[in-house]
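Novice: I'd like to ask some things about the structure below.
The values are calculated or read from the model by the stated rules, or taken from the named source; none is laboratory data. None of these values were measured; they are calculated from a predicted model. For neighbour counting, all protein chains shown are included, and Cβ atoms are generated from backbone atoms with ideal geometry for every residue, glycine included. Accessible surface is based on the protein model in full, side chains and every heavy atom, while ligands, DNA and RNA are left aside. Shrake-Rupley method; radii C 1.70, N 1.55, O 1.52, S 1.80 Å.
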Amino acid sequence: VVKSENNPTEVQTPIVTQDDPEKHIVIGQFEMASKDQAMKALEAAQRAYAYGQGEWSKMTLAERCTHLEAFSKDLESKTDEIADLLMWEIGKSSKDAKSEVTRTVAFIQTAIKEAKALAESESRWQEEKRILCQIRHLPVGVVLASSPFNYPLNEAYTTFIPALLMGNSVILRAPRNGATPHLPTLELFAKHFPKGTIQVLTGSGREVMGALIETGKIDAVAFIGTASSAKGEAKDAAILLPDADLEVAVESCVSGMTSFNGQRCTAIKMIWVHMSQAEKFISQLAEKIDSLKIGMPWEEGVKITPLCEDTKPGYIKELIEDALEKGAHIVNKTGGKCFKTLCALSILAPVNDKMRIWHEEQFGPVTPVAVYEDVQEAIDYVAKSQYGLQSAVFGYDEKELGKVVDALSYHVGRVNINGPDQRGPDVFPFTGRGNSALGILNATEGLKFFSVPTMVATKNDEERNV
Ligand code: G3H
């Protein structure tokens with residue numbers, strides 16, 4: 001972390017209690033990096049890389065795997081400490097915060113396994129048309145990675161670990177909400193990697209990342225977050241076909257809607273149900289949502305916790321009020337209630353295209369339900385979206401299911417059948433269409449993206465007449 005003496009920023013938890021609602025507890029402090037400091041980080045990263053002559057970039061892939069293995073063991077030993085910071089800073093339940101760290105350690109293991117397979121393939125010479133060739137995957141140089149607030153640790157690591165494995169120098173921009181979970185890892189970076197190989201910058205993404213990219217000296221960028229140009233136009237949808245099993249659909253929709261309060265790119269953000277099942281489905285969904293525990297992230301069995309961004313409750317309220325004015329209802333008893341950052345999940349039904357919730361990506365605890373007569377209405381909704389990450393389809397009639405899955409496949413990166421939208425396992429490609437993704441995020445693709453296949457070639461003996 002590049003430290004600034006002049007620009008310290010307090011980190012406040014979004015968690016407030018009913019006893020003292022005005023009190024925000026300060027859980028830490030970090031420095032907002034300036035543009036100058038970002039430039040210093042860039043110089044250090046370039047020195048560390050040194051066009052492949054740096055200590056890290058010069059190592060073999062197999063050697064780097066050994067260092068990453070030791071790093072991942074140390075990271076695992078800090079699970080509770082990091083999970084605690086995640087919980088306090090972004091309001092993630094203690095259980096989910098721990099699983100974010102565990103999942104990150106598992107990702108490193110997967111990436112190492114993939115890298116070892118790549119190292120093994122690099123040692124082989126291939127022959128084609130009397131040319132012998134060895135392909136080496138060399139680093140691209142200096143990589144800039146940035147993660148969002150909802151998975152500050154996991155999404156940072158899923159981008160920068162493959163980059164590190166391939167011998168690059170990495171500058172990680174930690175999210176404004178979710179910077180403190182990176183603090184315990186700084187000593188591990190210093191222990192396991194040569195100076196300048198990985199640096200963490202805090203501060204405004206626009207300012208710090210913008211300045212770095214403008215230099216033209218960043219060789220690859222990995223960004224997960226909200227593009228400022230994204231205007232919001234439809235989003236991840238679940239579609240219940242007329243023969244959907246309501247128990248299965250309700251369970252999947254509840255998990256897709258409530259996991260981290262809907263603050264996930266793969267959260268179910270719109271539900272389409274056929275008119276024949278609408279009433280039954282809506283009432284079962286509402287009942288299930290109302291039975292979930294709302295509370296503090298450390299409480300046993302809690303499902304709804306405080307929202308990370310303090311502006312989010314106001315935004316969610318605006319979306320709800322707009323939908324109510326235009327004819328929708330809150331169909332669950334707990335819906336519409338908020339105490340500071342702690343908001344119950346609201347189900348809005350029936351929604352239509354005049355409402356903001358139809359178009360905007362809420363990224364929070366409110367889910368619209370639309371009722372259809374012809375499934376083409378739901379397919380068109382997904383097709384017209386500027387986003388195209390995932391869709392979930394519920395039903396059993398093979399012909400109908402096949403038709404809908406095929407149609408959706410041209411608009412999203414993954415169609416889930418009788419299950420919620422989700423990322424992973426990490427060897428599967430995580431990608432989407434439209435404004436949802438540019439590139440593929442997983443261990444295997446990361447190793448390819450952050451390296452250049454470079455050939456060493458020679459004519460074989462026969463060709464050279466020896
Ligand atoms: O917010 C986007 C995450 O990468 C989604 O991951 O489906 O495992 O929650 P998840």
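Novice: Please name all residue pairs, on different chains or six or more residues apart, with Cβ atoms under 6 Å, provided the first residue is in the stretch 238-256 and is over 17 Å from LEU292 (Cα atoms) and the second residue is outside any helix (DSSP H, G or I) and among the hydrophobic types (A, V, I, L, M, F, W, C).
Specialist: From residues that are over 17 Å from LEU292 (Cα atoms), the pairs are ALA238/ILE268; ALA238/ILE271; ALA238/ALA392; ILE239/TRP272; ILE239/VAL393; LEU240/VAL273; LEU240/PHE394; ALA244/PHE394.
Novice: Would you pick out the residues in the stretch 262-281 that are within 19 Å of HIS359 (Cα to Cα) and either more than 10 Å from the ligand (Cβ to nearest atom) or of a type in the set (Phe, Trp, Tyr) (or both)?
Specialist: GLY262, ILE268, LYS269, MET270, ILE271, TRP272, VAL273
Novice: Select from the stretch 440-453 the residues that are away from the ligand (no atom under 16 Å from the Cβ) and farther than 16 Å from ASP219 by Cα and list them in ascending order.
Specialist: THR444
Novice: Answer yes if at least one residue in the stretch 70-83 is more than 18 Å from PHE193 (Cβ to Cβ), within 22 Å of the chain's Cα centre (by Cα), of a type outside the set (Asp, Glu) and surrounded by fewer than 22 Cβ atoms within 10 Å (Cβ to Cβ), and no otherwise.
Specialist: yes
Novice: Follow-up. Collect the residues in the stretch 182-225 that are polar (S, T, N, Q) and touching a Phe, Trp or Tyr at 6+ places or on another chain (Cβ under 6 Å), keeping them in residue-number order.
Specialist: THR197, THR202
Novice: So, in the stretch 394-416, exactly how many residues are open to solvent by 90 Å² or more (accessible area, probe 1.4 Å) and more than 15 Å from ASP380 (Cα to Cα)?
Specialist: 3
Novice: Report yes if some residue within the stretch 215-236 is β-branched (Val, Ile, Thr), surrounded by 24 or more Cβ atoms within 10 Å (Cβ to Cβ) and farther than 22 Å from MET355 by Cα; otherwise report no.
Specialist: no
Novice: Looking at the stretch 297-412, what strands (runs of 3 or more DSSP E) fall wholly within it and have at least 3 residues that are out of contact with any Phe, Trp or Tyr (no Cβ under 7 Å at 6 or more places or on another chain) and within 22 Å of ARG433 (Cα to Cα)?
Specialist: Passing ranges, in order: 390-394.
Novice: Separate question: Out of ARG130, ARG103, ARG136, which single residue is open to solvent by 60 Å² or more (accessible area, probe 1.4 Å) and within 16 Å of the ligand (Cβ to nearest atom)?
Specialist: ARG103 is the lone residue from the list that is open to solvent by 60 Å² or more (accessible area, probe 1.4 Å) and within 16 Å of the ligand (Cβ to nearest atom).
Novice: Residue by residue through the stretch 161-177, note down the ones that are among the hydrophobic types (A, V, I, L, M, F, W, C) and within 15 Å of the ligand (Cβ to nearest atom).
Specialist: Scanning the stretch 161-177 gives a single hit, ILE161.
Novice: Scanning for something under 29 Å from SER283 (Cβ atoms) and within 16 Å of the ligand (Cβ to nearest atom), does the stretch 407-415 turn up at least one residue?
Specialist: yes
Novice: I'd like to check something: does the stretch 226-246 contain any residue that is part of a helix (DSSP H, G or I), over 18 Å from the mean Cα position of the chain (by Cα) and at pLDDT 95 or above?
Specialist: yes
A quick yes/no check of all residues on (1) in contact (Cβ under 8 Å) with a residue 12 or more places away in the chain; (2) out of contact with any Lys or Arg (no Cβ under 7 Å at 6 or more places or on another chain); (3) among the charged types (D, E, K, R):
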| site | (1), (2), (3) |
| --- | --- |
| LYS303 | yes, no, yes |
| VAL331 | yes, yes, no |
| GLU377 | yes, yes, yes |
| VAL382 | yes, yes, no |
| HIS411 | yes, no, no |
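Novice: Being at pLDDT 95 or above, part of a loop (DSSP other than H, G, I, E, B) and open to solvent by 40 Å² or more (accessible area, probe 1.4 Å) is the filter here, so list the residues in the stretch 419-463 that pass it.
Specialist: none
Novice: Out of curiosity, is ALA156 within 16 Å of the ligand (Cβ to nearest atom), modelled with pLDDT of 90 or more, hydrophobic (A, V, I, L, M, F, W, C) and surrounded by fewer than 24 Cβ atoms within 10 Å (Cβ to Cβ)?
Specialist: No: the conditions fail for ALA156.
Novice: A follow-up question, please. Kindly evaluate GLY335 against the criterion of being within 16 Å of the ligand (Cβ to nearest atom) and either within 30 Å of LYS98 (Cβ to Cβ) or of a type in the set (Gly, Ala, Ser) (or both).
Specialist: It is false that GLY335 is within 16 Å of the ligand (Cβ to nearest atom) and either within 30 Å of LYS98 (Cβ to Cβ) or of a type in the set (Gly, Ala, Ser) (or both).
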